[in-house]
Amino acid sequence: MQYAYDYTRFYREKYAGIDLDGDWGGIPMVSKGEIAHGGISVISSKYYSRLGGLGMISDYTSGSTGECLEVHATEGEQRKSLLSLWLYRKKHYGIHPGSKLCYFYTFRDGRRDAFYEYRKNGLGFSKDMLREEHLEEIYDRMYGFEPRWLLLQPGIAMVLARYVFESGLEPIPTVEYIELTGEMFSEEQRRFISRAFHAPVASQYGCNEVGTIAYECPFGNLHVMEHNVYVETVKDGRINEEGEDGNILVTAKNQLVMPFIRYDTGDVGRICHVACQCGKPGPVLELSGARRNDLVTLEGGEMVSANLFCRVFQAIAWRIEGRIFQYRVEQFDSKQFVVSIATDEKEEMLEGLFRDLIGETELKDASFRFVFAKYLLPEERTGKFQFFTNYSI
Ligand SMILES: [Zn+2]
């Protein structure tokens, strides 16, 4: 915080009149929008001359709210921010930086048309190419590459896992571990992916701005990566007690080029202290299903969390024999919704259950149109699989 104040104009202006030696809870929070509009003022003056130069890394990150943010770091900082993640990947799953990996990437500068890229230890595929007609080629290439692990968004992992199951293919024998990141996923999805690939699945929670925030151990706890970040949750501007739901703020411990202090991730969750069997002390994060921006507009303008749909689909999953592989809900005005579902269950039955269960919520008077698709693929613009989008705002 002191460094950010001393070396960036953004934080110096932000903290004007604030007692930096006082209570941590009195230090102003920072939003993605503020950083995105801050331009050069958010960069440490020590690094101005090095931006874009040797040993520097920059990456774009886009949010669901549309702000696009360019994040700068040194290679050293990036290595440091990943250090504890690599320690635990090694400890729990035997995976190290030299282990061969398959991953998917979003369109980036100059890579737009490349279907795939072979790198030293990695084979990456463009998310734009993730379509049903390409699954065979993607899987064949993955198989031939002999990766030891896969780093995937849950939505992509679901598509691949179904492809393996439904085509009767054997799982890639070299794969020992799968890491899911970028979106929330359910226990059912985890089990499905793990069964399809015969490999354990762990969740990594992070963001492009600060890197890894928390990593799941084999006992299912999302441990905060305290070497990299300080995490707190707040509600109505006040720091939460343990176990209380709130907005997740992170303070990056390794970033001097572009400091992030009490940075609002847009996610909601709670911090707990548990005596985990893996032996790692320190805080554990429990994420809520929806992001804070995932808000449903009710008639009359009131907004409620899109977690409402998570609960409805969870309740459906308990009542059916078949599976809901993926779902997506889009809102077009206060009463019009489109629900897309990939399932092997009878469509009329799912529709009926959905209508019954939604009838017990605030959305009982809304109208829902159903679309059934074999696979739900990532949204083209962002490469994300948002389970809920509100176009009415
Ligand atoms: Zn643990």
**OP:** Go through S186, S194, S203 for me and flag whichever is of a type in the set (G, A, S), within 16 Å of the ligand (Cβ to nearest atom) and within 24 Å of A315 (Cβ to Cβ).
**Re:** S203
**OP:** Give me the pairs, please: first residue somewhere in the stretch 205-220 and within 17 Å of L69 (Cα to Cα) and among the β-branched types (V, I, T), second residue anywhere and in a loop (DSSP other than H, G, I, E, B) and more than 14 Å from the ligand (Cβ to nearest atom), beta-carbon distance under 9 Å, and either six or more positions apart or on two chains.
**Re:** V210/N228; V210/K253; V210/N254; V210/Q255; V210/F260
**OP:** Taking F104 as meeting all but one of (1) among the hydrophobic types (A, V, I, L, M, F, W, C); (2) closer than 22 Å to C207 by Cα; (3) assigned by TED's automatic domain parsing to the domain that holds C207, write down the number of the exception.
**Re:** (3)
Subject >> Among (1) within 15 Å of the ligand (Cβ to nearest atom); (2) in contact with a Phe, Trp or Tyr (Cβ under 6 Å, 6 or more places away or on another chain) - the single one I213 does not satisfy >> reply: (1)
**OP:** Answer yes or no: is there a residue in the stretch 277-292 that is farther than 30 Å from T106 by Cα, of a type in the set (G, A, S), within 16 Å of the ligand (Cβ to nearest atom) and surrounded by fewer than 16 Cβ atoms within 10 Å (Cβ to Cβ).
**Re:** yes
Subject >> the stretch 228-252: number of residues that are outside any strand (DSSP E or B) and either buried (at least 16 other Cβ atoms within 10 Å of the Cβ) or within 16 Å of the ligand (Cβ to nearest atom) (or both) >> reply: 2
**OP:** Provide a single number: the residues in the stretch 331-373 that are assigned to a helix (DSSP H, G or I), closer than 19 Å to M158 by Cβ and either among the aliphatic types (A, V, I, L, M) or not assigned by TED's automatic domain parsing to the domain that holds L308 (or both).
**Re:** 1
Original post:
What helices (runs of 4 or more DSSP H) completely inside the stretch 1-103 contain at least 1 residues that are among the aliphatic types (A, V, I, L, M)?
Top reply: 2-7, 32-38, 75-93
**OP:** Name every residue in the stretch 173-186 that is within 25 Å of the chain's Cα centre (by Cα) and either at pLDDT 95 or above or in a strand (DSSP E or B) (or both), in order of residue number.
**Re:** V175, E176, Y177, I178, E179, L180, T181
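The values are calculated or read from the model by the stated rules, or taken from the named source; none is laboratory data. This structure is a prediction, so every number in the text was calculated from the model and none was measured. Every residue, glycine as well, gets a Cβ built from its backbone with ideal geometry; the counts of neighbours run over all protein chains shown.
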